[in-house]
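Read through the structure below, which is laid out as structure tokens, and then see the notes.
The values are calculated or read from the model by the stated rules, or taken from the named source; none is laboratory data. None of the values given here were measured: they were computed from a predicted structure. Because the Cβ atoms are built from the backbone with ideal geometry, glycine has one as well, and the counts that use them run over all protein chains shown.
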Amino acid sequence: MQKTLFEQNGSTYRMVGDYRIPNISSPSEASEPLGVWGLKRKDYLMKHKRVQFNIMLMSGTLWTHLAEVDEQASAMFSRIVEQIKANKKITEQLKEQNQMEWVARMNNIEARAREMVNLELIFIA
């Protein structure tokens, strides 16, 4: 039997029932567990930037990109929260005196920080 072009290039098939399936795989990439920011970025790329997502997936750069975005976004979120806390003078003393007020202010700060991170790192081209 004559070899196919695929086989001439050194590739192989495996038999599954009556079908010959090529033995191919995507480039291996370290897939570390992603945090919330990396997962948000992945979701955004899948829904709104499908071509870019597929190109990165097939070239083996997707998980590296998502891990970098996750790391940068986590650092940015923490930095923004600390800066706003300092500017608004939200201290441990307020936490001891009025816990509900402290929780309300912290929730507000974290929501603002999440929005900033989303706009700057997650939902961009």
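Residues that are buried (at least 16 other Cβ atoms within 10 Å of the Cβ), touching a helix residue (DSSP H, G or I) at 6+ places or on another chain (Cβ under 7 Å) and among the aromatic types (Phe, Trp, Tyr) occur at least once in segment 60-77.
In segment 1-19, the residue that is modelled with the highest pLDDT out of those that are part of a loop (DSSP other than H, G, I, E, B) and among the charged types (D, E, K, R) is 18.
How many residues does segment 92-115 contain that are under 30 Å from residue 68 (Cβ atoms) and surrounded by 14 or more Cβ atoms within 10 Å (Cβ to Cβ)? Step through it out loud before you land on a result.
Of segment 92-115, the ones under 30 Å from residue 68 (Cβ atoms) are 106-115.
Applying the additional criterion that residues be surrounded by 14 or more Cβ atoms within 10 Å (Cβ to Cβ) yields 106, 109-110, 113-114.
Going through segment 92-115 one residue at a time, the tally reaches 5.
Quick check on this structure: which one of 69, 51, 16 is within 17 Å of residue 123 (Cα to Cα) and free of Cβ contacts under 8 Å to residues at least 24 places away in the same chain? None of the others qualify; the one that does is 51.
Within segment 23-38, residues that are more than 12 Å from residue 62 (Cα to Cα) have Cβ atoms under 6 Å from residues that are in a loop (DSSP other than H, G, I, E, B) and at pLDDT 70 or above in these pairs: 23/12, counting only partners at least 6 apart in sequence or on another chain. All of 19, 44 fail the test of being under 30 Å from residue 106 (Cβ atoms) and of a type in the set (Phe, Trp, Tyr), apart from 44. A single member of 85, 40, 89, 49 is more than 24 Å from the chain's Cα centre (by Cα), basic (Lys, Arg) and surrounded by 13 or more Cβ atoms within 10 Å (Cβ to Cβ), and it is 85.
Is it the case that segment 20-31 has a residue that's part of a helix (DSSP H, G or I), under 30 Å from residue 3 (Cβ atoms) and among the hydroxyl-bearing types (Ser, Thr, Tyr)?
Here is the first cut: in segment 20-31, the residues part of a helix (DSSP H, G or I) are none.
No, segment 20-31 contains no residue that is part of a helix (DSSP H, G or I), under 30 Å from residue 3 (Cβ atoms) and among the hydroxyl-bearing types (Ser, Thr, Tyr).
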